[in-house]
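Okay, structure first, notes after.
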Amino acid sequence: MGDVRIVSRRMVRPELIASGPPETIHLTPWDLRVITVDNIQKGILLPKPPATGGRGHDAAAMVERLELSFARALGRFYPYAGRLAVAPGSKDDAEGERMAISLRCSGEGAEFVHAVAPGVAVADITVPLCIPRVVWSFFPLDRLLGVDAIADSRPVLAAQVTELADGVFVAMSANHGVADGTTFWHFFNTWSEISRLSDGDAGCEISSPLPVHRRWFLDGCPVPIPLPFGKLEDIVGQRVDTYPPVEECFLHFSAESVRKLKAKANAEMAGTAATGTAISSLQALLAHLWRAVCRARRLAPDQKTTYHLLAGCRGRVDGIPASYAGNAVEHATAISTAGEILERGLGWAAWLLNRAVASFDEASARGRLASWPRNPGFLRMSEVVTAPHPHRTVATGSSPRFDVYGNDFGWGSPVAVRSGSGNKVDGKVTVYEGRGGGGSIALEVCLSPEAFPRLLADEEFMGMVDADNCHTY
């Protein structure tokens, strides 16, 4: 498959920059906790813009349009044109050296990359069940942890537009220490709407709400939060240059398949102690996957298996607005043995996921936030891949509620969505809305090269996947 060649890369500054000294946004425990993981990397595959004026496709005009609309979107999300900065905190004989990490709204810019891959066609990405590795080359700021942006004063946001043989891939990478998935897609939706509606008109009005950049802290929380480290590398801990290899696939589940799984899960739990618990469509689908992964990994019945989920805090925690531009998620965990997951049925596995999410409430979120500054903990991918039994874990990120297929930049809706190499480890699962809407869901699944073929050969699991999705592997 063809190589990806960089044509240009430049810093794009917000269209409007506030005067006066740069604003400083101090990071919350939710932000700081994930500053040690790779950047968020998501992108959409678009058709090639139609020919204009009988001259064929004008690539230069398309790239200029995307760059200008990116700058206008950046004007709304102006902190993401800034840089992460570290300031020394007070030194205490008992506690040692301390530091604080903040986002300085300096307006230095976000990176905009133009690339070409003439040897790659849309079908090369959408047809194979196994995602081709060239997709990772469509993403900027690759293989970087959030804290890496501090030492080298790197941008916290970057976009890459890659021209393919018959399409365009538009991707973004965002520092996870300053944004979560909700904020990421909020920016993407804003960018596409500006491009679609402006057509050269800088004053166009868009429906995407303005982001709320003011960070939310518990009363009594120190701001900025002093971290008990003398240097950044102490936060990172042991670095892993490369993660163990994985294979990945993109699976579509129709609305009908999702409904069947949900009905089956709830029917299995009827008449049990869990009667009255409403298992959701997503919980049923993820339980279906969890069971298949246990089979693919050939876990012994007594081996423990863990499923990590994300629970959004917008709408759950009072004071967090819907358009809050920062991290606002908590982790929920379900634990069982492989034998129970397989023997007790889909409904029971889904019920475990349901209980994990239900255990999260505002009180527990506030409790975690209150304790974090006293005992800060970080999500480190090095610890994930070097854990004693990393192959027993499944972790799901993203959400089917994010508007992916509405990102029409002015010449058509996306054909597909894919992610970059960031945080790709055995058991990583990314959830998207299905391309058909109406309750359909898509999963991007990463597994070890040993387990991956067994997952795709699992008739019970693959029987619920869209027939059109079952291409060659």
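Per residue, the range 247-469 exposes 39 Å² of accessible surface when a 1.4 Å probe is rolled over the protein heavy atoms with every protein chain present. Simple spin-label estimate for residue 401 and residue 129 gives 3.2 nm between the two label positions (7 Å along the Cα-to-Cβ direction from each Cα). Placing +1 on the Cβ of each Lys and Arg and -1 on the Cβ of each Asp and Glu in the chain, which of 463, 41, 103 has its Cα farthest towards the positive end of the resulting dipole? Of the listed residues, the answer is 463.
Lys-Lys pairs in the chain that are eight or more residues apart or on separate chains and whose Cα atoms lie under 30 Å of each other come to 18. Inter-label distance, residue 240 to residue 255: 3.9 nm, where each label sits 7 Å from its Cα along the C-beta direction.
In whole percent, and with a 1.4 Å probe on the protein chains, what portion of the accessible area of the range 5-236 is carbon and sulfur? Result for the range 5-236: 52 percent of the exposed heavy-atom area is carbon or sulfur. Note on residue 223 and residue 9: the model spin-label points, each 7 Å out from Cα along the C-beta direction, lie 3.5 nm apart. Could you tell me what percent of the accessible area of the range 290-369 is made up of carbon and sulfur, with a 1.4 Å probe and every protein chain present? Ligands and nucleic acids excluded, carbon and sulfur reach 52 percent. Summed over the residues of the range 5-236 and divided among them, the accessible surface reaches 40 Å² per residue at a probe radius of 1.4 Å. Taking one quarter of the surface of the C-alpha convex hull of the chain gives a mean projected area of 23.6 nm².
What helices does the chain have that are whole DSSP H segments, at least 24 Å long along their own axis by Cα, and with mean Kyte-Doolittle hydropathy of 0.0 or more? Qualifying helices, which must be both long enough and hydrophobic enough, are 59-76. Extension gain, residue 413 to residue 153: 0.36 nm times the residue separation minus the Cα-Cα distance gives 90.1 nm.
The values are calculated or read from the model by the stated rules, or taken from the named source; none is laboratory data. As the structure is a prediction and not an experimental result, all values here were calculated from the model. Don't worry about glycine lacking a Cβ; one is built from the backbone with ideal geometry, like all the others, and counts go over all protein chains shown. Just so you know, the surface numbers come from the protein's heavy atoms only, side chains and all, with ligands and any DNA or RNA stripped out. Shrake-Rupley method; radii C 1.70, N 1.55, O 1.52, S 1.80 Å.
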